[in-house]
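The values are calculated or read from the model by the stated rules, or taken from the named source; none is laboratory data. Every value quoted in this text rests on a predicted model; they were computed, and no experiment measured them. Cβ: placed from backbone, ideal geometry, glycine included. Neighbour counts: every protein chain shown.
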Amino acid sequence: MNKFTLNVRTLSQAVNARFVEMHGALLPDVVPELTRAFRELETHRAKMTYNTGSIALSAGVFLFMAANIFKPRVIVELGTFLGKSTLSLAQGADWGESAERHLYTVDKDNPCFLPEKIGNVHIHPHPGKTSTERFSALVEAGIKADLISLDGRLMPEDLALVRELMHSETVILLDDFEGVEKGVANLQALTQLIGSYLFLPPVVEPRLAHFGVIDVHSTALLMPFSLLAITRQ
């Protein structure tokens, strides 16, 4: 018998479509809220030591939806900058929930102007620390991440630490997954850690335009196969 094959882009289109279907009732509230919050966070740009790019609104919406679906109790983020991705992840994890959660974020170049809590999510910023320093401290504290968001380039010495931070159902998000950008390099670096993962590259979900999201993002999703359930409906 021949095998029936599906490429990862087709699978990603199906997953992204399902993300939007699951959040159709929320997006009319979420998109304006993220738009307002992103605009406010942009006012801190002049205070940054290293001024670089920031995520698009569509990336914020994608991060919100991913965090809202998987409901991570512990999030570890590399690359805080203005805090747009941090806020998106925190709001997604918190939306409709009452349990306290924790988000650890690190940026070696810039200060952090985020509040101590976003909803029920405690924000633990670590400006001026390298990824290796922060990951080491988290591993020593016995922290296990339900979701890891990478918006910075992993160093070779980070890989063993990331392995210790992960558990069997840790979800990973890779920003800047295009060309030769850091997201592609990070995926290559993580190859030995993600043998049982489904890789979903960034795709355009056209229905987001109905909610006022017209830009595109470059965030890829690494999801353990164990978190995927195929239903009859």
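Note on the range 133-155: residues that are within 14 Å of the chain's Cα centre (by Cα), surrounded by fewer than 22 Cβ atoms within 10 Å (Cβ to Cβ) and hydrophobic (A, V, I, L, M, F, W, C) total 0. When restricted to residues that are within 18 Å of Ile214 (Cβ to Cβ), touching a Leu at 6+ places or on another chain (Cβ under 7 Å) and in a loop (DSSP other than H, G, I, E, B), the range 29-59 contains 1.
Residue by residue, here is whether (1) part of a strand (DSSP E or B); (2) at pLDDT 95 or above holds:
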{"position": "Phe62", "(1), (2)": "no, yes"}
{"position": "Ala67", "(1), (2)": "no, yes"}
{"position": "Ser88", "(1), (2)": "no, yes"}
{"position": "Gly96", "(1), (2)": "no, no"}
{"position": "Phe113", "(1), (2)": "no, no"}
{"position": "His122", "(1), (2)": "yes, yes"}
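Six or more apart or on different chains, Cβ under 7 Å: which pairs go from a residue in the range 1-28 that's closer than 18 Å to Val203 by Cβ to one that's among the basic types (Lys, Arg) and in a helix (DSSP H, G or I)? Could you list them? As it stands, the answer is Val20/Arg207, since those pairs meet every condition given. Checking the structure you have, find out if any residue of the range 57-69 is crowded, with 19+ Cβ neighbours inside 10 Å and β-branched (Val, Ile, Thr). Yes - at least one qualifying residue is present in the range 57-69.
Based on this model, can you work out whether Thr5 counts as more than 18 Å from Gly79 (Cβ to Cβ) and not in a helix (DSSP H, G or I)? In short, yes. Here Glu77 clears all of (1) in a helix (DSSP H, G or I); (2) touching a strand residue (DSSP E or B) at 6+ places or on another chain (Cβ under 6 Å) except the condition numbered (1). When the range 135-192 is filtered for residues that are aliphatic (A, V, I, L, M) and in a loop (DSSP other than H, G, I, E, B), the ones remaining, listed by number, are Ala141, Ile143, Ala145, Leu154, Met155, Met166, Val180, Leu190. In this structure, Thr130 does not qualify as touching a strand residue (DSSP E or B) at 6+ places or on another chain (Cβ under 6 Å), β-branched (Val, Ile, Thr) and surrounded by 14 or more Cβ atoms within 10 Å (Cβ to Cβ).
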